[in-house]
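Working notes, structure below.
The values are calculated or read from the model by the stated rules, or taken from the named source; none is laboratory data. What you are looking at is a predicted structure, and each value in this text was computed from that prediction instead of being measured. Backbone-built Cβ (ideal geometry, glycine too); neighbour counts: all protein chains shown.
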Ligand SMILES: [Zn+2]
């Protein structure tokens, strides 16, 4: 994620902090000190927030490690002021697996609560009123346990794309098609999101308003993605291949690419060596190469070498997912060892729009995994 500070890899997963998170810490220090609180009170307030975010991180690791059991890797885990975000490379196809991955996060918070419990002084805990705005050494553990229980409960609200919404979709998937289940779960999520916004507005809680918007947009995105993917169902790469495309040889100078760009409609080009694709060049890459290296640089020095070779018989859904994962807009299509054409994401997007307009029967969509 952009504007994030990496804090290293844990069990092979990149963990990073978004810069807005640092603002949250600075705000806590500032608001404590300006309210006349002592340095000690401020220290506990900061420590408490950091402890909460350690728990949020562990929650995300719950999802990530559960997904790993099903062979799904996590690109990274990012900490934002509103929670954590684990980016999984895909979602499990089977409802049971999705259920396990979704439940694994809240389960971590329950486990943390149970681990804290033996260390509590129960009499003191019962007598104490939880005030999360004034946590000190004595109330620290009790408050942390309360927050973990709250995290588990809050995330289980069936508001897609929160964990509870994923649980709802997985359960619905046992009874119906995935696209229908996603549509229902997204609808429930948006309904609850509007409730959050209204509650936040009248209760004067900006956090709830923010979460409401986050859920609303997230649910909308998931529903659109589900619809998009269902449009690709049953098609193969061969169905969208463009046999008419422009290519360059590896030793050609970049100004040859500029001429192709200016003379035709194409914005992406294949780079060939012995009639086989070894790289790609987009308009942006050409412009960048031109300004950095001049017009004479050979294309092989500046081309993108992350080439995704798509077999013509590959399911279109899988090809699209692969292109998203590798963030490539353009890929050569192969029939065995032979180059037969290209596909680009714009071309697939148009195909999806046409399919959606024709309203073909929908089934089996899914894509990325976000969670708070
Ligand atoms: Zn979660």
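The table that follows gives values for the structure above.
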read-out	value
Filter result for residue 368 (within 16 Å of the ligand (Cβ to nearest atom), at pLDDT below 85 and not in a strand (DSSP E or B))	yes
Number of the condition not met by residue 154 [criteria: (1) more than 27 Å from residue 8 (Cα to Cα); (2) at pLDDT 90 or above; (3) under 21 Å from the mean Cα position of the chain (by Cα)]	(2)
Which numbered condition residue 154 misses (of (1) outside any loop (DSSP other than H, G, I, E, B); (2) within 16 Å of the ligand (Cβ to nearest atom); (3) in contact (Cβ under 8 Å) with a residue 24 or more places away in the chain)	(3)
Among residues of the stretch 99-121, those that are within 13 Å of the ligand (Cβ to nearest atom) and either within 11 Å of residue 58 (Cα to Cα) or modelled with pLDDT under 85 (or both), counted	6
Qualifying positions in the stretch 299-329 - within 24 Å of the chain's Cα centre (by Cα) and assigned to a loop (DSSP other than H, G, I, E, B)	306, 307, 308, 327, 328, 329
Filter result for residue 300 (buried (at least 16 other Cβ atoms within 10 Å of the Cβ) and out of contact with any helix residue (DSSP H, G or I) (no Cβ under 9 Å at 6 or more places or on another chain))	yes
Count of residues meeting criterion [part of a loop (DSSP other than H, G, I, E, B) and at pLDDT 50 or above] in the stretch 330-365	3
Members of the stretch 244-273 found to be in a loop (DSSP other than H, G, I, E, B) and within 21 Å of residue 306 (Cα to Cα), listed by number	245, 246, 250, 251, 252, 266, 267
In the stretch 205-223, the residues that are modelled with pLDDT of 80 or more and either over 16 Å from the mean Cα position of the chain (by Cα) or more than 14 Å from residue 191 (Cβ to Cβ) (or both)	205, 206, 208, 209, 210, 211, 212, 213, 214, 217
Which listed residue, of 147, 135, 237, 188, is over 19 Å from the mean Cα position of the chain (by Cα) and within 15 Å of the ligand (Cβ to nearest atom)	147
Of all residues in the stretch 66-81 being surrounded by fewer than 19 Cβ atoms within 10 Å (Cβ to Cβ) and touching a helix residue (DSSP H, G or I) at 6+ places or on another chain (Cβ under 6 Å), the one that is farthest from residue 11 (Cα to Cα)	81
Selection from the stretch 85-111 of residues that are surrounded by fewer than 22 Cβ atoms within 10 Å (Cβ to Cβ) and over 21 Å from residue 182 (Cβ atoms)	107, 110, 111
Every residue from the stretch 157-179 that is without any contact (Cβ under 8 Å) to a residue 40 or more places away in the chain and more than 20 Å from residue 225 (Cβ to Cβ)	157, 175
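Each row is one residue, and each column tells you yes or no for (1) in contact with a strand residue (DSSP E or B) (Cβ under 7 Å, 6 or more places away or on another chain); (2) within 24 Å of residue 161 (Cβ to Cβ).
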position: 5; (1), (2): yes, no
position: 25; (1), (2): no, no
position: 39; (1), (2): no, no
position: 55; (1), (2): no, yes
position: 79; (1), (2): yes, yes
position: 87; (1), (2): yes, yes
position: 101; (1), (2): no, yes
position: 111; (1), (2): no, yes
position: 117; (1), (2): no, no
